[in-house]
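Enquirer: After the structure tokens below, expect a handful of questions from me.
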Amino acid sequence: MDKNEAIKKVKPQLTVKRFEHTLRVAETAVELAERFQVSQDKAELAAIFHDYAKFRPVEEMRRIILTSPLPNDLLFYHQELWHAPVGAILVKEEHGIQDQLVLGAIHNHTTGKAHMNKLEMIVLLADYIEPGRSFPGLDEVRNMAKEDLTHACWLSIRNSIQFLMGKGSRIYPDTIHAYNDLTRHVNGGY
Ligand code: DGI
Ligand code: FE
Ligand code: FE
């Protein structure tokens, strides 16, 4: 599917603000894909669809989690997490996107997971550093994203965990697994 077709499919699913965020994530993902040598087309497609399910009714997402191969433990964690795995299912069902790399990047863009591939890291990171975002520690992540994809991804996951813990929120295990896995690459094992 080409870029314009993808944009046409996503736009009616989102608010104006979320759609503009999506376009910035796509631009950022393409830059990262070029820098870190993965398919720019796949990065762009995954980024355009990454928040596809963001505004689906909670009850619809719950039903999809219960009736698909998605892990049911998602239901015990924040609803904000659900749009990522549910989005991967819906873009396949509703728009025939079959590419496993693209679907994986959509699926894992919020929580991350252990052993992410480059495309997954790129979409997660692009979502975090797109130019419309501003939160503490972001400059450091943006600078690191110029050089080291894994380290930048580690910083973004570490910041997210710190943010969530600061609020006393639960943390989905895949986010912790992502942190532990990336930590091995960043500081050599401990
Ligand atoms: O969809 P976006 O707003 O663009 O960004 P996102 O898909 O990264 O959603 C992040 C939200 O999910 C953010 O408000 C934090 C929240 N969240 C809740 N529980 C978890 C979590 N994020 C992670 N990584 N892990 C969690 O367990
Ligand atoms: Fe998202
Ligand atoms: Fe997003």
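Readers should treat all values here as calculations from the given coordinates under stated rules, not as data from a laboratory. Quantities reported herein were computed from a predicted structural model and do not represent experimental measurements.
Enquirer: Each residue of the stretch 90-103 in order: what ³J(HN,Hα) in whole Hz does its phi give by Karplus 6.51 cos²θ - 1.76 cosθ + 1.60, θ = phi - 60°, with x for Gly and Pro?
Expert: 5, 5, 5, 5, 8, 10, x, 6, 10, 4, 5, 5, 5, 5
Enquirer: Ratio of Rg to Rh for the stretch 1-149, alpha carbon only, Kirkwood? Walk me through the numbers before you get to the answer.
Expert: Values: Rg = 14.6 Å, Rh = 15.4 Å.
When Rh is taken as the Kirkwood radius, the ratio is 0.95.
Enquirer: Sticking with this structure for a sec: Could you work out how much longer the chain between L66 and S134 gets when fully extended? Use 0.36 nm per residue separation minus the Cα distance between them, nm to one decimal.
Expert: Working: separation 68, 0.36 × 68 = 24.48 nm, distance 3.50 nm.
My answer for the length gained is 21.0 nm.
Enquirer: Run the numbers for S169 and E94: contour at 0.36 nm per residue of separation, minus the present Cα-Cα distance, in nm. List each step's numbers first, then the result.
Expert: Details: separation 75, 0.36 × 75 = 27.00 nm, distance 3.28 nm.
Length gained between S169 and E94: 23.7 nm.
Enquirer: Considering only lysines 8 or more places apart in sequence, or on different chains, count the pairs in the chain whose C-alpha atoms sit under 13 Å apart. Write down the numbers at each step before the final one.
Expert: Numbers: K3/K11; K3/K42; K9/K92; K11/K54; K17/K54; K42/K118.
Value for the chain: 6.
Enquirer: Mind listing the phi-derived Karplus ³J(HN,Hα) values for the stretch 6-21, rounded to whole Hz, using 6.51, -1.76 and 1.60 with θ = phi - 60°, and x for any glycine or proline?
Expert: Rounded to whole hertz, the list is 4, 4, 5, 6, 7, 3, x, 7, 10, 6, 4, 4, 6, 5, 5, 4.
Enquirer: Find the centroid of the Cα atoms in the stretch 122-190 and in the stretch 49-113, then give the distance between the two in whole Å.
Expert: Centre-to-centre distance over Cα atoms comes out at 21 Å.
Enquirer: From the phi of every residue in the stretch 115-124, what ³J(HN,Hα) in whole Hz does the Karplus formula 6.51 cos²θ - 1.76 cosθ + 1.60 yield, where θ is phi - 60° and glycine or proline is x?
Expert: Going residue by residue, I get 6, 5, 7, 4, 5, 4, 5, 5, 6, 4 Hz, with x marking Gly and Pro.
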